[in-house]
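Worksheet for the structure shown next.
The values are calculated or read from the model by the stated rules, or taken from the named source; none is laboratory data. What you see is a predicted model; the values in this text were computed from it and never measured. Neighbour counts are summed over all protein chains in view; Cβ atoms, including those assigned to glycine, are modelled from backbone coordinates with ideal geometry. Accessible surface areas use protein heavy atoms only, side chains included; no ligands, DNA or RNA. Shrake-Rupley method; radii C 1.70, N 1.55, O 1.52, S 1.80 Å.
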Amino acid sequence: MSAGKTYRVLPGFPLTLGYTLVYLSLMVLIPLSAVFLKSMTLSLEEFWAIISAPRVVASYQISFGISLLAAAINAVFGLIFAWVLVRYHFPGKRLIDALVDLPFALPTAVAGIALTALYAGNGWLGQWLEPLGVKVAFTPLGILVALTFIGLPFVVRTVQPVLEDLDMELEEAAASLGANRGQTFWRVILPVLTPALLTGFALAFARAVGEYGSVIFIAGNVPMVSEITPLLIITKLEQYDYVGATAIAVVMLVFSFILLFLINGLQIWANRSRARN
Amino acid sequence: MGAGVASHWTVHARRFEANAATREPAWLKGVLITVALLFFGLFLLLPLATVFVEAFRKGWTVYLAALVEPDAWAAIVLTLTVAAIAVPLNLVFGVMAAWAITKFDFRGKQLLTTLIDLPFSVSPVIAGLIYVLIFGAQGWFGPWLIENDVKIIFAVPGLVLATVFVTFPFVARELIPLMEAQGREEEEAAIVLGASGWKTFWYVTLPNIKWGLIYGVVLCNARAMGEFGAVSVVSGHIRGRTNTLPLHVEILYNEYQFAAAFAVASLLALLALLTLVIKSFVEWRGRQAMNAGQEL
């Protein structure tokens, strides 16, 4: 901060900032504005009629509802995962840690067909589940499985570093003051982890809402039952209903922007509370 | 490999396990490890194993035939081409953006950093849609493009644009925290000693950020080659011409050619595994460099 505006030692400020702004505008900001500009060709009533049609509303409920559930599952199991990786020593730990990022690296279409094969009636898991009356593939439950897979690394990777940085003294102090292990976890450890946990949850949720590739194979894609919002946009596009697709895209984009700024706030909070500890 | 990381991990975990004040009862530890392992098996190991088992279900000959078939080959070439254009573009951008953001103070820095992350929170389907709205037949430039016989949508340029969009933040995102943590003193010293800006970047900054840069590029590349939703919107699915590998997988799968679909998918799964190996290696190197720095 002390360098200020008048005195910069390092070169390249106009070039790098200029390039960044131009490239960002050309590749991201201007293209995204196309969605909003296109939707303005609609009157407010037309816009509302498209985004509140029963089939579209049903798709919001499916996309947002199941994404929320998947993110919640990831929050719980991601926390357990991070805990086990940081606090316990057991064989195969390094391999597991490396493979946690698989959902980031594996193309979504591959994840989609693999999960479908696994949970279909003749699949390794499906053949055991279907006799029990649990149908996963081609039902909303299949969407939940795919979105849980996609979101898995987010919580683990946000909680893990915070847990690694956590001072042992903190827990020793709690124990010496008479707290049992459960109390120490709920009152001392969990509050420190909360910002990171919420960040991971929000990231997994944001990713799940927009997810397309892994879901469409396993979902069955029945309108009103297992049709996600991104698929509805594709369907409208294939029918050359560009305006309809754009209107729904606006709803999703506005939601993404709100979530992005929320996540940013969470991350700032997480960094501050990490610096404090 | 990984003596540094392994010992770091083992030491950390053992310290907590050895301390009566910071360890859980053995049964609880057992339950937590079991739950984690079950979840790991169910959600990560089984889907990965499925890809390879299904790919080889009909034997080696069917597997190989699926990969050398002309449409598959065209898809491989197209996927490599698109990544070869999109990744360098985002690499240059990532370095430029990280330099501007971490080496200087200016107003709106936080907003700029947020905007760079924006493509991550946009659905891939919308990433494809925006380019249809701009370059499609009914789009802003549609009539002009048709008149001049320039194809962007349902052609390679559209695939590249959509891929650049979805992989936009990867390199910048990896470099910004890294360069932020390293500060500016080393570069400032080089400049004061008379080095040019370019030399300073090449001999001072680049060696410091090398591993983070490689990691960012590897992740960017994995996503570029594996992207499905965005390219699906702009591709038009012309076999042998505008089908990337993931789209080829979809077509085969929808035609019930499961063994072939999984054979092609196994290539992408191998790419993912290779990405994870490089990632682990880079993290190991990064930790080693950090330890070396602490010892000095």
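What is the average number of partner chain Cβ atoms found within 10 Å of a Cβ in A:89-101? Let's see the in-between values first.
Numbers: counts 8, 6, 0, 2, 6, 7, 4, 6, 4, 8, 8, 3, 8.
Per residue, the average neighbour count from other chains is 5.
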- Treating every alpha carbon of region A:191-277 as one equal point scatterer without solvent, the Debye formula yields log10 I(q)/I(0) values at q = 0.17 Å⁻¹ of -0.78
- Selection from B:73, B:119, B:104 lying farthest towards where the dipole of region B:46-135 points positive, charges on Cβ: B:104
- Under the 7 Å Cα-to-Cβ spin-label approximation, residue B:151 and residue B:290 lie apart by a distance in nanometres of 4.9 nm
- Item | In Hz, Karplus ³J(HN,Hα) per residue of region B:117-134 (6.51, -1.76, 1.60; θ = phi - 60°; x = Gly, Pro) | 6, 3, x, 5, 9, 9, 4, x, 4, 5, 4, x, 4, 4, 6, 5, 5, 8
- Taking one equal scatterer on every alpha-carbon of region A:146-249, how large is log10 of I(q)/I(0) by Debye at q = 0.17, 0.25 1/Å? -0.83, -1.22
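Just flag the GluC sites (Glu not before Pro) in region B:169-219 sitting in loop per DSSP whose Cβ has no more than 12 other Cβ atoms within 10 Å.
On the way: sites: B:174, B:180, B:185, B:186, B:187, B:188; in loops: none.
Here no loop site has a sparse enough neighbourhood.
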- Can you pull the Kirkwood radius for chain B, inverse mean 1/r over Cα pairs, to one decimal in Å? 22.5 Å
- About its Cα centre, region A:186-277 carries a charge dipole, from +1 on Lys and Arg Cβ atoms and -1 on Asp and Glu Cβ atoms, whose size in debye to the nearest 20 is 720 debye
- Rank B:227, B:250, B:24 by mean-square fluctuation in a GNM of chain B with C-alpha springs under 10 angstrom and give only the top-ranked residue. B:24
- Message: So, R0 is 60 Å and r is the distance between the beta-carbons of residue B:270 and residue A:45; what FRET efficiency does that work out to, to 0.05?
- Response: 0.70
- Residues losing 10 Å² or more accessible surface upon assembly, region A:62-87, compared with the chain by itself, 1.4 Å: A:77, A:80, A:81, A:83, A:84, A:86, A:87
- Query: Under a 1.4 angstrom probe, counting protein chains only, how are A:241, A:165 ranked by accessible area, largest first?
  - Reply: A:165, A:241
- Message: Below 8 Å, C-alpha to C-alpha, sequence gap of six or more: please give me the relative contact order for region A:113-173 in percent.
- Response: 20 percent
- Query: Which parts of region A:114-154 would a label at residue A:76 reach, counting a residue when its backbone N lies under 18 Å from a point 7 Å out along Cα-to-Cβ?
  - Reply: A:141-154
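Counting only other chains, and only Cβ atoms inside 10 Å, what mean value do you get across the residues of A:17-30? It would help to have the intermediate numbers written out before the result.
Values: counts 9, 2, 7, 12, 4, 2, 9, 9, 1, 2, 8, 11, 2, 3.
That works out to 6 on average.
Using a 1.4 Å probe on the protein heavy atoms, what percent of the accessible area of the protein assembly as shown belongs to carbon and sulfur? Walk me through the numbers before you get to the answer.
Working: 16930 of 24890 Å².
Reported share for carbon and sulfur atoms: 68 percent.
In percent, how large is the relative contact order of region B:115-191, given Cα pairs closer than 8 Å and 6 or more residues apart?
Working: 44 pairs, mean separation 26.3, N = 77.
Worked out over region B:115-191, it gives 34 percent.
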- For the protein assembly as shown, just list the percent of Cα-Cα distances falling in each 20 Å bin from zero outward, please. 19, 53, 26, 2
- Only Cα pairs under 8 Å and at least 6 apart count here; give the relative contact order of chain B as a rounded whole percent. 30 percent
- If you take the Cα Rg of region B:174-255 and divide it by 2.2 N^0.38 Å, with N the number of residues, what do you get? 1.77
- Query: With chain A treated as a Gaussian network of Cα nodes joined by springs under 10 Å, which of A:109, A:75, A:173 yields the largest mean-square fluctuation?
  - Reply: A:173
- Checking rank on B:276-287, A:127-138, B:120-131, with mean other Cβ inside 10 Å and highest first, the result is B:120-131, B:276-287, A:127-138
- Would you rank B:29, A:93 by solvent-accessible area, highest first, keeping every protein chain in place and using a 1.4 Å probe? B:29, A:93
- Message: Suppose we keep just the alpha-carbon trace of chain A; what are its Rg and Dmax in angstrom?
- Response: 22.8, 74
- Add +1 for every Lys or Arg and -1 for every Asp or Glu among the other residues with Cβ under 10 Å from the Cβ of residue A:88, and state the total. +3
- Task: Shielding by partners for A:262-268, please: the mean number of other protein chain Cβ atoms within 10 Å of each residue's Cβ.
- Result: 2
